[in-house]
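Before any comments, here is the structure.
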Amino acid sequence: MAALGLLGRPVTATVLGEGIAELTATGLVEVDQAGIAAPVSPYTAEVAAGLLEPAERVALHRRLAGLVPPREAARHLAAAGAPGDAYQVAVRAAGTAASTGERAELLLLACDLPGVTPAADVRLEAARAALAAGRPGSCLRVLPAEAVTDPGVGAVGAVLRGEALLQQGNPVAAANAVTTVGDDVPADVLGARDRIRLLATLAGDADAALTRAEELLRVHGDAPAHPGLRAAIAAVRAGTRRPGWEYGLASAASAAGQAGDVLAARWSAWLLVETLTADARLAEASNAAAAAAAACAGDLAYSWQTRFIAAQLWCDALRGEEIDEVVRRAGDLTDRTLPAVARGYAVAAASLAEADGGLLAPARARLDALTGRPSSTGPVLDWVTREAAWLDGQPDHATSRATDLPAPPLVDGLRRITARWAAYDAGDFAATGTDLGDRPLAAVAATLDAWKAPDLFAAAAAAWHDLARREEVRCLLAQGMLEEDAERAVPALLEAERLAEEAGLVVLLGRTRRALRRHSIRRDTRGRRAGDELTDRERDVLRLVANGEPTRRIAGQLGISRETVETHIRSGMRKLGARTRTEAAALAIEELG
């Protein structure tokens, strides 16, 4: 039992030796058909491990180290007070690791062992693996600034630190990190240095970065041999929207992958997703993010995987489709340990979908609870906060100045559209919202122009049709609200109603039906079935859904299976006449007060 407690997981019965028969006979351990033994009560196993004498614990850790895979063996040796042996096991195992994630974990363990000074080459390999796995903080931990003075670390360590700082969204510090790297370094180090400098320039001045990129092409060749530099040049072209930038990023990612530069490949894929999203090409961005997430999952690169999943959910929330799925998956994601960027996108996706589905208070609470917003997702979260306030009938909060951070084109446009709606709701019918900035998206420009000439809203709605369902609905709603002629207003409102109802856009659906009533059109809406009262358990489940709890945690809190949770949700939807689980939760909260 103590061995199971120290392992913290099920294990093949043979590992436990002859004692397994007694443990199963007493009902403490169960063995399945595959021969895997697991404690009936993990708590009992932990207590058994805690009762060991120190010498017994050390001996058992050593014994287990010889029975488990190297990754676990290193941890058991460290726990047994043998950090030197643990270091050797971890470094050897890293050389044969099957995935980037496993390699990073082993090398970082080797560098973090107390009383052991890792070799310079191990530090560098650990830093590289950490970056490839999406763990820039771990890279900086194993390569602190003072480590660069070690001749074995030197310029290579400096560029790795610069790359980590770039990943953390600190381009100025990244550029400073490579100031000591001269022009006489090997070609691969020089390419890495120039990549960092170029991307740092891009963060502050896109036009200067384009000029610098042309200079670097003359030095390194039109298709640089360094995969990371090639990806950076593709990033500059994407940032300035040069023709063919999509192909440039995709081919840079492919070339980096073929060259074994996993970091450059994933970074290029991430930039492709973000740039497509910024330009409102949401379906393409969602598909690209899903493909990249699947590739990262196969390599156990959890941090990168969660980034891509969160970005995919954000795109889907903006499109206004599959609201329930977005709330479910994003809520589950935010329940985990995430990189800051992934958490920002996941919270934005969950909050927007919840607000659209009528769960306005939980959406605001989720946004308010988020701290430490990184600059990359700050504008996104700012707009979602404003949009949730507008949906909640608080136009004054929708226009309050919350951030000065520059926003990507789509988010900047949505912020202006929301501000225009808020002005209208506040009675400011003369506001125009014509300040479009640089390179406005066509759909955004069409929408803001339509506020000056309402007959243009039909064209604006058409511009959003293949991009974002929720914005198409808003344009149709505006057309119906601003048009005095019922024969022209009602068809637009009926189409807005159809689209909003199909997508589960509960708040926009309510506004649309109120607008229809102005034209003496009352729609038959589904209500709760007579005599079908929610059970106490259904109320409990829907209340937790409204609180943003994922199915897994609802099941744990109520002591029921996930399947039972889903059954209660479906039953509640049927009784309340709700199309989506999000709407059912909103209706249940309204009923419960």
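Simple spin-label estimate for Arg498 and Ile521 gives 1.1 nm between the two label positions (7 Å along the Cα-to-Cβ direction from each Cα). Mind sorting out which of (i) 48, 30, 23; (ii) 47, 37, 17; (iii) 54, 23, 21 is the real semi-axes √(5λ) of the Cα gyration tensor in Å computed from the coordinates? Entry (ii). With the highest mean first, a sort of the peptides 282-289, 562-569, 212-219 on other beta-carbon atoms found within 10 angstrom per residue produces 282-289, 562-569, 212-219.
Amide H contacts for Val29 (H built 1.01 Å from N in the peptide plane; partners 5 or more residues away or on another chain; cut-off under 5 Å): Thr24, Val40. Here the gap between Ala462 and Thr567, fully extended at 0.36 nm per residue and compared with their Cα-Cα distance, gives a gain of 34.0 nm.
Its relative contact order, with pairs defined as Cα atoms under 8 Å and 6+ residues apart, puts the chain at 7 percent.
Each stretch of four or more DSSP H residues adds -39500 (n - 2.57); spread over every residue of the chain, this sum gives -21500 deg cm²/dmol at 222 nm. Along the charge dipole of the chain, which of Ala443, Leu28, Ala253 sits closest to the positive end, that is, farthest toward it, with unit charges on the beta carbon of Lys, Arg, Asp and Glu (+1, +1, -1, -1)? Of the candidates, Leu28 comes out farthest on the positive side. 3J(HN,Hα) along segment 220-233, derived from phi through the Karplus expression 6.51 cos²θ - 1.76 cosθ + 1.60 where θ = phi - 60°, amounts to 9, x, 5, 10, x, 5, 6, x, x, 5, 4, 5, 5, 5 Hz, with x in place of Gly and Pro.
Here Thr211 and Ser375 are evaluated by their C-beta separation; at R0 = 25 Å the FRET efficiency comes out at 0.55. Computed from Cα atoms, the angle from the helix 245-258 axis to the main principal axis of the chain rounds to 20 degrees. Read phi for every residue in segment 325-338 and hand back ³J(HN,Hα) as whole Hz from Karplus 6.51 cos²θ - 1.76 cosθ + 1.60, θ = phi - 60°, with x for Gly and Pro. With the stated coefficients, segment 325-338 comes to 5, 5, 4, 5, 6, 5, x, 5, 5, 5, 7, 10, 7, 10 Hz. Note: relative contact order over segment 11-158, using C-alpha pairs below 8 Å and six or more positions apart, is 12 percent. Each peptide in 81-92, 175-186, 126-137 gets a packing score, the mean of other Cβ atoms within 10 Å over its residues, and the list from highest to lowest is 126-137, 81-92, 175-186.
Label reach from Thr240 (point 7 Å along Cα→C-beta): in segment 200-226, amide nitrogens under 15 Å belong to 200-218. Note on Arg218 and Ala426: their simple-model spin labels are 5.2 nm apart, each label 7 Å out from Cα toward Cβ.
If you plug the beta carbon distance of Tyr43 and Thr117 into 1/(1 + (r/R0)^6) with R0 = 35 Å, you get a FRET efficiency near 0.35. On full extension, the segment bounded by Arg488 and Ala365 gains 40.3 nm, given 0.36 nm per residue less the C-alpha separation. With the cut-off at 1.5 for a/c, could you classify segment 444-501 from its C-alpha gyration tensor as rounded, prolate or oblate? Note, shape of segment 444-501 comes out oblate. Below 8 Å between Cα atoms, with a sequence gap of 6+, how large is the relative contact order for segment 331-401 in percent? Once normalised by length, the contact order is 30 percent. Helix 360-369 and the longest principal axis of the Cα set of the chain meet at an angle near 40°. Would you work out which of Leu4, Ala232, Leu190 lies farthest towards the positive end of the dipole of the chain, given +1 charges on the beta-carbon of Lys and Arg and -1 on that of Asp and Glu, about the Cα centre? With unit charges placed on the Cβ atoms, the residue in question is Leu4. For Val172 and Ala55, what does the FRET efficiency come to when R0 = 45 Å and r is the distance between their Cβ atoms, rounded to the nearest 0.05? Working from the Cβ atoms, E equals 0.25.
Each of the peptides 71-78, 334-341, 465-472 was scored by the mean count of other Cβ atoms within 10 Å over its residues; in descending order, highest first, they stand as 71-78, 465-472, 334-341. Computed from backbone phi with θ = phi - 60° and the Karplus coefficients 6.51, -1.76 and 1.60, the 3J(HN,Hα) list for segment 560-576 is 10, 7, 4, 4, 5, 4, 5, 5, 5, 5, 4, 5, x, 4, 5, 5, 8 Hz; x is used for glycine and proline. Backbone amide hydrogens, once placed in the peptide plane, bring Thr12 within less than 5 Å of Ala37, excluding anything fewer than 5 places away on its chain. Counting only alpha carbon atoms, the long axis of helix 409-425 and the longest principal axis of the chain meet at about 40°.
FYI, it's all coordinate maths here, none of it is from the lab. No experiment lies behind these values; they were computed from the predicted model shown. Glycine gets a Cβ as well: all are built from the backbone with ideal geometry, and neighbour counts include every protein chain shown.
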